[in-house]
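Have a look at the structure below, then the notes.
The values are calculated or read from the model by the stated rules, or taken from the named source; none is laboratory data. Computed from a prediction, not measured in an experiment: that's the story for all the values here. All Cβ positions, glycine included, derive from the backbone under ideal geometry; neighbour counts span all protein chains shown. Calculation scope for accessible area: heavy atoms of the full protein, side chains included, ligands and nucleic acids excluded. Shrake-Rupley method; radii C 1.70, N 1.55, O 1.52, S 1.80 Å.
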Amino acid sequence: MDWGTELWDQFEVIERHTQWGLDLLDRYVKFVKERTEVEQAYAKQLRSLVKKYLPKRPSKDDPEFKFSQQQSFVQILQEVNDFAGQRELVAENLSIRVCLELAKYSQEMKQERKMHFQEGRRAQQQLESGFKQLENSKRKFERDCREAEKAAQTAERLDQDINATKADVEKAKQQAHIRSHMAEESKNEYAAQLQRFNRDQAHFYFSQMPQIFDKLQDMDERRATHLGAGYGLLSEAELQVVPIIAKCLEGMKVAAAAVDSKNDSQVLIELHKSGFARPGDVEFEDFSQPMNRAPSDSSLGTPSDGRPELRGPARSGRAKRWPFGKKNKTVVTEDFSHLPPEQQRKRLQQQLEDRNRELQKEVDQREALKKMKDVYEKTPQMGDPASLEPRITETLNNIERLKLEVQKYEAWLAEAESRVLSNRGDSLSRHARPPDPPASAPPDSSSSSNSGSQDNKESSEEPPSEESQDAPIYTEFDEDFEEEPVSPIGHCVAIYHFEGSSEGTISMAEGEDLSLMEEDKGDGWTRVRRKQGGEGYVPTSYLRVTLN
């Protein structure tokens, strides 16, 4: 059964159905496209989540990685990252095999449908035009017949009228003959037009339109077949990644089973045991006889003048005695001296760049005002030059103020950079691995150091000084500071030659491969390591950087 035979009179139905089929195809393409966006967003969020929770330091430098709990967690993060990659693969396959191909096929179907319906409408217009010609010839035949009959009646009446002249009778008979001849011609034309229309109509209904409907049926069936294949691709894209996803889930299961609590407890002991003996009892010191008592070797310390000395040993003993210390509250200063040296340098560099931008803006504004003033002086009708004086004065004051601030920040920055460069080696070693507690360190040092290694945002160790024995052993850094990685976070290639002549910089040759140790923090410099050894800063614009 075909449309051309069974639906010969349902032109509008076929038109609506084929349009509905193409709309369904487009709707499915749109659905798959949004599905790919969901998959891509899901994969992106998973990768961001993994990146957020992955350790900042390499596993070989992270003491926490010795714990099976941390190893399993990192393995789970890696499996989740692989899982995200499979979601991206699903999105890519759906985008290419469904969205692109079906969208292209939909456009082809629309063009084919448009061509078939245009062909059908042209055939219908031709048939309607033939029918109109038939109607016109029919009306003409009818009109000519009436005129011929009327002319014949007129000629007969004049022929019987005794008062009519012979000329009038002959004229009427001649007119009747002409009208009769015209009616005969109209009759022949009408008959020929009717025969032609019947032939065209039979061709239209039994040959032309059935062929067009059959073509539309074939097009719609091909569209449905492609759409069904597209439905199958939706599940096929999932089935392709199921084995790998199963491996990811199995890897998570293996990671969960690899947690060894007893071994982790032993690892913690080996990493952080201090070897100090627990504090003994505090002995009683008799101060009722200050002049006659003898100093006790085990007391908190009594000088020869009889007054107890509490500065050194007593305070130090108290620091050792309490493993949980309080943290200092940092006081924010204008030169950012409350921050660690590297962070101070970066903040000062940022402030200096901001001031330089403001200064350049004021300088440009001053130049523009001067040019405008010159124009006003040369062409007074455009404006009053004196009206610009207050703005020019304000701009000059801003320039002077900003220059002073730039000088101030440059001085602070130079001091901070010298401190950073001189302490860089110590900073690297301190961030790379927490130092083992020395034999003379107080018990709370190892405890606090352990808690510091468990959180990247904890404070770093600072030994108590003679002037501040009350201060806690650790200085709390800003919450946003992250530890510097000690292994490369990427690699880079030198685009230009650079001669590192200043302190803290390093030389490099054009085309040289370097290890990326620290990204540009906004100051235009990147820290790199050469393969033959040596680290230092080079201009960021001289590098082509690739992150791991």
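Kindly state, to the nearest 0.05, the FRET efficiency for D260 paired with S487, given R0 = 22 Å and r defined as their beta-carbon distance.
For R0 = 22 Å, the calculated efficiency reads 0.25.
Per residue, what accessible area does region 341-422 have, given a 1.4 Å probe and all protein chains present, in Å²?
62 Å²
May I ask you to list the lysines whose Cα is less than 19 Å away from that of K138, ignoring any residue fewer than eight positions away on the same chain?
Straight-distance partners of K138: K150, K187.
Applying the Karplus parametrisation 6.51 cos²θ - 1.76 cosθ + 1.60 with θ = phi - 60° to the phi angles of region 344-355, what ³J(HN,Hα) value in whole Hz is obtained for each residue in order, glycine and proline being reported as x?
These are the phi-based 3J(HN,Hα) values: 4, 4, 5, 5, 5, 4, 5, 4, 5, 5, 4, 5 Hz.
Could you please report the charge total around E34, scoring K, R as +1 and D, E as -1 over all other residues with beta-carbon less than 14 angstrom from its beta-carbon?
Working: positive: R27, K30, K33, R35; negative: D26, E37, E39.
Neighbour charge sum, excluding E34 itself: +1.
Can you give the FRET efficiency to the nearest 0.05 for K371 and Y496, using r as the Cβ-Cβ distance and R₀ = 41 Å? Could the numbers behind the result be given before it?
Values: r = 37 Å, r/R0 = 0.90.
So the FRET efficiency works out to roughly 0.65.
Simple spin-label model, 7 Å along Cα-to-Cβ: N356 to F65 in nm?
3.7 nm
Determine the gain in length on full extension of the stretch K150-L89; use 0.36 nm per residue of separation and subtract their C-alpha separation, reporting nm with one decimal.
Stretched fully, the K150-L89 segment lengthens by 13.0 nm.
For Q211, what is the net charge nearby, where nearby means another residue's Cβ is under 11 Å from its Cβ and Lys, Arg count +1, Asp, Glu -1?
Cβ neighbours under 11 Å give a net charge of -3.
Give me the distance in nm between label points sitting 7 Å out from Cα along the Cα-to-Cβ direction at V363 and R122, one decimal.
Result: 7.2 nm between the two label points.
Sort 376-385, 234-243, 136-145 by packing, meaning the average of other beta carbons within 10 Å per residue, with the highest value first.
136-145, 234-243, 376-385
Roughly speaking, to the nearest percent, how much of region 56-132's 1.4 Å accessible area is carbon and sulfur?
49 percent
Stretched out fully, how many nm does the piece from R278 to T379 gain, at 0.36 nm a residue minus the Cα gap?
Difference between extended and current length: 27.3 nm.
Can you tell me the order of 11-18, 64-71 when each peptide is scored by its average per-residue count of other Cβ atoms within 10 angstrom, highest first?
So the peptides 11-18, 64-71, ranked by packing, come out 64-71, 11-18.
I need to check one value: relative contact order of region 3-261, counting alpha carbon pairs closer than 8 Å and at least 6 residues apart, in percent.
Rounded, it is 36 percent for region 3-261.
If each of S129 and R222 carries a label point 7 Å out from its Cα toward its Cβ, how far apart are those two points in nm?
Taking the simple label geometry, S129 and R222 are separated by 2.9 nm.
So how do 79-92, 346-359 stack up, highest first, on mean other-Cβ count within 10 Å? If you can, show how the numbers build up before the last one.
Details: 79-92: 19.2, 346-359: 17.1.
Top of the packing list down: 79-92, 346-359.
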